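The values are calculated or read from the model by the stated rules, or taken from the named source; none is laboratory data. A quick note: this is a predicted structure, and the numbers were derived from the prediction, not measured. Heads up, the Cβs are rebuilt from the backbone with ideal geometry, glycines too, and the neighbour counts pull from every protein chain shown.
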Amino acid sequence: MQQNFSLATIKLYYFTFKDTVYYTLFVICLFFLFGIVLLFQIVIPQFSQWFSVQQEVDVLRKDIAAIQENTRFLSSLDEHQLDNDLGIVTQAYPFTNDYGGIMNALALASARTGLALPNFSLTVGDIEQTVSPLTPTLYKLSFTFATDVTGARRFIDELSKILPIAAVTSIANGAETTRVDLQFYYHGYPSVVIDQKKKLVSLTPKERDLLSELRLWQGVIPAIGDVSGDEAPVATSGGAFPPPL
Amino acid sequence: MSADINLSIRKKQEKGFITSSQVHKLRLVALIFLFGVAVLSAGLFLIIAASPLPQLREEEQRASETLKSQQSKFGKYLLLREQLSAIQVLLNTRPDLRKTIEVVFAIIPQGLQVSGIEISEKHISMGVSTASLDAISSFFQSIQDRAVQKVVPTSISTSSIGYSASTGEYSFTITFD
């Protein structure tokens, strides 16, 4: 067997067949074989590489366009205005239990309606409590005003146009007083993921309207000591009225 | 052995197997095929090498660096949008008793006094008193109309109507659930 594949044997085969058609056919077969190997090992992978490069180029072009557009968009934004807007929305729906904001809202509603706030206390609670960023956490309060339903209704009307956002969950009117159950909302910090390649879009008309409305609700906070009303306050939950903020 | 050295016979056999012109054609085809594959490979290599991918990567890097300088603005804007959508949801879902109060007071006719009222999101209860039976009748008619329009809850119950001889007034409690 070894002799079959020795150099001498190969030479012998070469000189035997070099002038025959078999040699030419052998060389032709080698050419075809080489070509096929090249085709499958190099050309076809190159094709797929070319397609993937093209795809990557397309993606990169889109990404660059998005990043540049985002840069232009952000450059066009007034940072001062953005800070103001962010301040308003944070005041409307705070990330923590905003006791100061709650007291200011109550004082403002009271001042606007001329309805004196009764003594009240705010329970601080567990300040390390984990707050969900998605669902609102409620802070509940209850007041008993020395007024009828109409007076309470005025208070509710005003409170609904003041930040932070509050809701009245129940009203109970007795002979001379009206109990109002309120709730304020707060939530945890949402997870804001900055994706440079995601195209930023400007605020929708609905969002702009909401922001304008919230701006209107951001009233001037009166000094709490100035709050006076026609009706005498009735104490519900103990505790002194807090000092002005 | 004699067959191996007899060139005349071998040539005859070769002629029968494949002609010389066919061999030439085949060789030409093989060469063209090999050349074509080589040219294609070289061409693809050049196309891939000349692709703008590295420049685009650099451009993306530069654009990204530029945008990073506005990172804080970016975060604030995203937070603003998040907050606005959360507020929108909150405003849409928060209970609004103002409408309920409006509806309740709209159905109370002249001459009927509300002695006490309790309103929550899904429950309304009120005590009423009047000296006029017509007012009571009008009140019930009004409630019936509103219930048909689904403006007030359709589950309505009333206590027995009491009569006080000292005041001459009828009184009862009505509850909507």
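Structure above, values below:
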quantity: Exclusive hit being more than 7 Å from chain B (Cβ to nearest Cβ) and in a helix (DSSP H, G or I), set A:VAL27, A:VAL43, A:VAL57; calculated: A:VAL27
quantity: Criterion violated by A:GLN41 - all others in (1) within 21 Å of B:LEU44 (Cα to Cα); (2) within 36 Å of the chain's Cα centre (by Cα); (3) not hydrophobic (A, V, I, L, M, F, W, C) satisfied; calculated: (2)
quantity: Region A:150-194, residues that are under 25 Å from the mean Cα position of the chain (by Cα), of a type in the set (A, V, I, L, M) and under 17 Å from B:ILE87 (Cα atoms); calculated: A:ILE162, A:LEU163, A:ILE165, A:ALA166, A:ALA167, A:VAL192
quantity: Answer from A:LEU203, A:LEU214, A:LEU210 - the residue that is in a loop (DSSP other than H, G, I, E, B) and facing another protein chain (nearest Cβ under 9 Å); calculated: A:LEU203
quantity: Meets criteria (more than 7 Å from chain A (Cβ to nearest Cβ), without any contact (Cβ under 8 Å) to a residue 24 or more places away in the chain and under 30 Å from A:GLN91 (Cα atoms)) for B:LYS25; calculated: no
quantity: Within region B:31-83, considering residues that are under 21 Å from A:VAL37 (Cα atoms) and of a type in the set (Phe, Trp, Tyr), the one farthest from the other protein chains (Cβ to nearest Cβ); calculated: B:PHE35
quantity: Tabulated pairs, region B:160-177, first in contact (Cβ under 8 Å) with a residue 12 or more places away in the chain and farther than 21 Å from B:GLN144 by Cα, second of a type in the set (Val, Ile, Thr) and surrounded by 11 or more Cβ atoms within 10 Å (Cβ to Cβ), C-beta under 7 angstrom, 6+ apart or interchain; calculated: B:GLU169/B:THR130
quantity: Any hit, region B:152-161, residues being part of a helix (DSSP H, G or I), surrounded by 15 or more Cβ atoms within 10 Å (Cβ to Cβ) and not charged (D, E, K, R); calculated: no
quantity: Hits in region B:96-122 (condition: at pLDDT 85 or above and within 30 Å of A:HIS187 (Cα to Cα)); calculated: B:GLU118, B:ILE119, B:SER120
quantity: Complete set of residues in region B:110-130 that are part of a loop (DSSP other than H, G, I, E, B) and surrounded by 15 or more Cβ atoms within 10 Å (Cβ to Cβ); calculated: B:LEU112
quantity: Residues of region A:16-44 classified as under 13 Å from B:ALA38 (Cβ atoms) and aromatic (Phe, Trp, Tyr), total; calculated: 2
quantity: Single condition A:ARG72 does not satisfy, out of (1) closer than 30 Å to A:LEU210 by Cα; (2) surrounded by 14 or more Cβ atoms within 10 Å (Cβ to Cβ); (3) more than 9 Å from chain B (Cβ to nearest Cβ); calculated: (2)
quantity: Given (1) over 17 Å from the mean Cα position of the chain (by Cα); (2) at the interface with chain B (Cβ under 10 Å from one of its Cβ atoms); (3) surrounded by 14 or more Cβ atoms within 10 Å (Cβ to Cβ), number of the condition A:LEU82 does not satisfy; calculated: (1)
quantity: Among (1) at pLDDT below 85; (2) out of contact with any strand residue (DSSP E or B) (no Cβ under 8 Å at 6 or more places or on another chain); (3) within 23 Å of A:LEU216 (Cβ to Cβ); (4) aliphatic (A, V, I, L, M) - the single one A:LEU134 does not satisfy; calculated: (3)
quantity: Qualifying residues in region B:84-105 (those that are within 14 Å of A:ARG153 (Cβ to Cβ), without any contact (Cβ under 8 Å) to a residue 12 or more places away in the chain and out of contact with any Ser or Thr (no Cβ under 8 Å at 6 or more places or on another chain)) - the one farthest from the other protein chains (Cβ to nearest Cβ); calculated: B:LYS99
quantity: Test result for A:ALA105, surrounded by 14 or more Cβ atoms within 10 Å (Cβ to Cβ), touching a strand residue (DSSP E or B) at 6+ places or on another chain (Cβ under 7 Å) and of a type outside the set (Phe, Trp, Tyr); calculated: yes
quantity: Residues (more than 21 Å from A:THR177 (Cα to Cα) and part of a loop (DSSP other than H, G, I, E, B)) located in region A:78-121; calculated: A:ASP78, A:TYR93, A:PRO94, A:PHE95, A:THR96, A:ASN97, A:ASP98
quantity: So B:GLN144, is it loosely packed, with under 15 Cβ neighbours inside 10 Å, away from chain A (no Cβ under 14 Å), assigned to a helix (DSSP H, G or I) and of a type outside the set (Ser, Thr, Tyr); calculated: yes
quantity: Hey, A:SER142 more than 10 Å from chain B (Cβ to nearest Cβ), touching an Asp or Glu at 6+ places or on another chain (Cβ under 6 Å) and at pLDDT 80 or above or not; calculated: yes
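This table checks each residue for (1) aliphatic (A, V, I, L, M); (2) modelled with pLDDT under 90.
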residue: A:LYS11; (1), (2): no, yes
residue: A:TYR14; (1), (2): no, yes
residue: A:PHE17; (1), (2): no, yes
residue: A:THR20; (1), (2): no, yes
residue: A:PHE34; (1), (2): no, no
residue: A:VAL37; (1), (2): yes, no
residue: A:VAL53; (1), (2): yes, no
residue: A:VAL57; (1), (2): yes, no
residue: A:ILE64; (1), (2): yes, no
